[in-house]
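The values are calculated or read from the model by the stated rules, or taken from the named source; none is laboratory data. The structure presented is a predicted model; accordingly, all values stated were derived computationally and were not measured. Neighbour counts are summed over all protein chains in view; Cβ atoms, including those assigned to glycine, are modelled from backbone coordinates with ideal geometry.
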Amino acid sequence: MGITIKELSELSGYSPATISRVITNKGNVKEETRIEIQKLLAKYNYKLNLSDGRKSAYRERTVLLLIGDMSNQFYIEQVTYLAKSIRNDNYVPMIAYTGGEISEEEEYTEMAISEGYAGIVYLNVRGGEHLAQILNVSKIPAVFLNRSINYASFDSVCSDNYRGGYMAAKYLIERGHRKIGHLAGNRYSNTTRERVRGYGDAMKESGLPVSDYSIYYGNLDRESGYKFGETIIKEDRGYTAIFCGNDLMADGLYRALQDYGVRIPEDISIVCYDNTIISRNLNVTRVSSNPRKMGDRAIELLLKRISDRETDTQSVLFSPVILAGESVMRRNK
């Protein structure tokens, strides 16, 4: 049995994907690298294995969808749509879940590089300096969706979370609400911080107070929403409106208020982030970032990067919109 691409990779230090591109004469390879690999192939008398060729062709059409959070319906709907979109573009989607673990993000990235995948779409990942280094060295086409990462410049598609937070608070203010609380997500998240900042600026512009008691940091789950609902009722904080950071917390808040006999929207109005089946079933007024259009733009950037790896990096920011439901009551100013 002759030498394999994997064995050649271990001997030379070149990735299997690079060796495969030289063998099949597909993809961009530096001329000096191509010459070195051709010498290597001749030295070890490499014979193309048809199975290797088929596997290589399959991998070169594979796009890794790396998702960090599956607890949110918004993310589930988004990754489902992305997978369908990738198949429509004649690529093969490969979905991997990291649970927000940076080490998992790095391991899956290194796997995609070593297997010679066409590219990677990162959804809601934490990232970090080491991940940025891996991507910078490998040059594998990559797009970050919903969150970008520091330490380097990569193609990214995100919602304008600052504007979304601002719009949510402004919407309630314009309908006569003056005491508005914010049930936010994880305090260490850039997304959360931007939404909190937007909410705070809208309040301050209208001369409304924002204190430590105005903002409650949850975990983007129903339990956080329910606990917050219990807290504001038991402590009688006097809110007439709440801006929720996502649909799951809004659902938990709804349940708590209903359990304690608080009417929505007559007693407390609610606006939440994310246009998902959960928020639509609640018929809550919501901030929507149009996940399908964001997904389409991410795939468009990835395909452009696959065809031309030297193209300029793009950071696309989607402005959200307010979709009115039945969860907000207008009050006299």
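Within segment 103-143, the residues that satisfy the criterion of being of a type in the set (Gly, Ala, Ser), surrounded by fewer than 23 Cβ atoms within 10 Å (Cβ to Cβ) and assigned to a helix (DSSP H, G or I) are Ser103, Ser114, Ala132, Ser138. A Cβ distance below 7 Å, combined with a sequence gap of six or more or placement on separate chains, defines the contacts here; from segment 80-103, residues that are without any contact (Cβ under 8 Å) to a residue 60 or more places away in the chain reach residues that are small (Gly, Ala, Ser) in the pairs Tyr91/Ala118; Pro93/Ala83; Ile95/Ala83; Thr98/Gly68; Gly100/Gly68; Ile102/Gly128. For the criterion of being farther than 23 Å from Asn186 by Cβ and either assigned by TED's automatic domain parsing to the domain that holds Tyr171 or touching a helix residue (DSSP H, G or I) at 6+ places or on another chain (Cβ under 8 Å) (or both), Ile268 passes. Could we say that Val125 is among the β-branched types (Val, Ile, Thr), touching a residue at least 40 places away in the same chain (Cβ under 8 Å) and over 24 Å from Asp312 (Cβ atoms) here? No: the conditions fail for Val125.
From the list Ala202, Ala184, the one residue that fits, being among the small types (Gly, Ala, Ser), within 22 Å of the chain's Cα centre (by Cα) and not assigned by TED's automatic domain parsing to the domain that holds Val125, is Ala184.
Looking at segment 233-246, can you tell me whether even one residue there is among the hydroxyl-bearing types (Ser, Thr, Tyr) and part of a helix (DSSP H, G or I)? No; the residues of segment 233-246 include none that is among the hydroxyl-bearing types (Ser, Thr, Tyr) and part of a helix (DSSP H, G or I).
In the set (1) at positive phi; (2) over 15 Å from the mean Cα position of the chain (by Cα); (3) of a type in the set (Gly, Ala, Ser), the condition left unmet by Ser114 is number (1). Within segment 86-99, being buried (at least 18 other Cβ atoms within 10 Å of the Cβ) and farther than 14 Å from Ala118 by Cβ holds for one residue alone: Thr98. Looking across segment 65-117 at every residue that is modelled with pLDDT under 85 and among the acidic types (Asp, Glu), the one that is nearest to Ile149 (Cα to Cα) is identified as Asp69. Being at pLDDT below 90 and in the same structural domain as Asn124 (by TED's automatic domain parsing) holds for only one residue in Thr311, Thr276, and it is Thr311. Residues that are touching a residue at least 12 places away in the same chain (Cβ under 8 Å) and of a type in the set (S, T, N, Q) were ranked within segment 270-291; the one that is surrounded by the most Cβ atoms within 10 Å (Cβ to Cβ) is Ser279. Out of Asn161, Asn146, one residue alone is touching a Lys or Arg at 6+ places or on another chain (Cβ under 6 Å), of a type in the set (S, T, N, Q) and crowded, with 17+ Cβ neighbours inside 10 Å. It is Asn161. When segment 252-269 is filtered for residues that are closer than 25 Å to Ser71 by Cα and more than 33 Å from the chain's Cα centre (by Cα), only Asp259 remains.
When segment 231-248 is filtered for residues that are more than 17 Å from Asn161 (Cα to Cα) and either among the aromatic types (Phe, Trp, Tyr) or touching a Ser or Thr at 6+ places or on another chain (Cβ under 6 Å) (or both), the ones remaining, listed by number, are Tyr239, Ala241.
Residues that are surrounded by fewer than 23 Cβ atoms within 10 Å (Cβ to Cβ) and under 27 Å from Ser315 (Cα atoms) within segment 168-190 comprise Lys170, Asn186, Arg187, Tyr188, Ser189, Asn190, listed in sequence order. Report, by residue number, each residue of segment 191-236 that is crowded, with 21+ Cβ neighbours inside 10 Å, of a type in the set (A, V, I, L, M) and without any contact (Cβ under 8 Å) to a residue 40 or more places away in the chain. If the condition is that a residue be crowded, with 21+ Cβ neighbours inside 10 Å, of a type in the set (A, V, I, L, M) and without any contact (Cβ under 8 Å) to a residue 40 or more places away in the chain, then Val196, Ala202, Met203 are the ones that fit.
Just to be sure I understand the filter: pairs with C-beta atoms under 8 Å, separated by 6 or more residues or on different chains, first member in segment 305-321 and closer than 15 Å to Val157 by Cβ, second member assigned to a loop (DSSP other than H, G, I, E, B) and of a type outside the set (Ser, Thr, Tyr). Which pairs pass? Pairs that qualify, where the first residue is closer than 15 Å to Val157 by Cβ and the partner is assigned to a loop (DSSP other than H, G, I, E, B) and of a type outside the set (Ser, Thr, Tyr), are Arg305/Pro141; Thr313/Phe154; Leu317/Asp160; Phe318/Asp160; Phe318/Asn290; Ser319/Asp160; Pro320/Asp160; Pro320/Asn290.
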